[in-house]
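Readers should treat all values here as calculations from the given coordinates under stated rules, not as data from a laboratory. Computed from a prediction, not measured in an experiment: that's the story for all the values here. Cβ placement follows ideal geometry from the backbone for every residue including glycine, while neighbour counts extend to all protein chains displayed.
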Amino acid sequence: MKQLILMRHGHAAPARPGQSDFDRPLSPGGEREVAIVAERLAGLGWQPERIIASAAPRAQATAAILASYLGRPPLLLDQELYLAGSDVLRHALLRYGGDSRTIALIGHNPGMTQLVRELAQVGLDDLPTAGVAAIEFPGPDWEALGEGRLRHFDAPLLLR
């Protein structure tokens, strides 16, 4: 069985004059959002063996916060994941998944929302900032990801 944690980066700070969208960091509120969701995920026992993230600063910071709650697994950064579509995100799983049982993948919309829709077969309109979808797959490898089972969905504003 494979487990995949799909997470959209936390809320980003507004761009400063002349700053590219890629270089926007997490806002202080975004840092809090990620910590809230990461703590809840840790409480459920999800432990990725690696985290794959977009190289954009807000995704890197999201990954670092997530890692601090989930046992500090290795972090792999990929420039191609910035604003990537679901096909590029799937390819990253194949490239970096290896023999890992559980992976966390952190990226941007609209690709992350689309990937959740495709893999969990859910009618999700928008994966919000710091939103998480944790999905289980019955297959033994990342190449054979088909329809998975949504095991956990969370976002910072969901009431508990």
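Magnitude of the Cβ-charge dipole of segment 22-160, K/R +1 and D/E -1, about the Cα centre, nearest 20 debye?
Numbers: 13 positive and 17 negative charges, 73 e Å.
So the magnitude is around 340 debye.
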Express the Stokes-Einstein translational diffusion coefficient of the chain in µm² s⁻¹, to the nearest whole number, given a Kirkwood radius over alpha-carbon pairs, 10 °C and a viscosity of 1.306 mPa s.
104
Per-peptide average of other Cβ atoms within 10 Å, ordering 79-92, 60-73 highest first
60-73, 79-92
Cα centroid of segment 131-156 to Cα centroid of segment 54-125, whole Å:
12
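Among DSSP beta bridges whose residues both lie in the chain, state the antiparallel percentage, nearest 5. If you can, show how the numbers build up before the last one.
Values: 12 of 26 bridges.
Close to 45 percent.
Given a cut-off of under 8 Å on Cα pairs at least six residues apart, what relative contact order in percent is computed for segment 1-88? Show your work: numbers first, answer last.
On the way: 118 pairs, mean separation 25.3, N = 88.
Computed over segment 1-88, the figure is 29 percent.
With each run of n ≥ 4 DSSP H residues scored as -39500 (n - 2.57), what mean residue ellipticity at 222 nm is computed for the chain after dividing by its residue count and rounding to the nearest 500 deg cm²/dmol?
Numbers: 4 runs with 51 residues, N = 160.
Computed ellipticity for the chain at 222 nm equals -10000 deg cm²/dmol.
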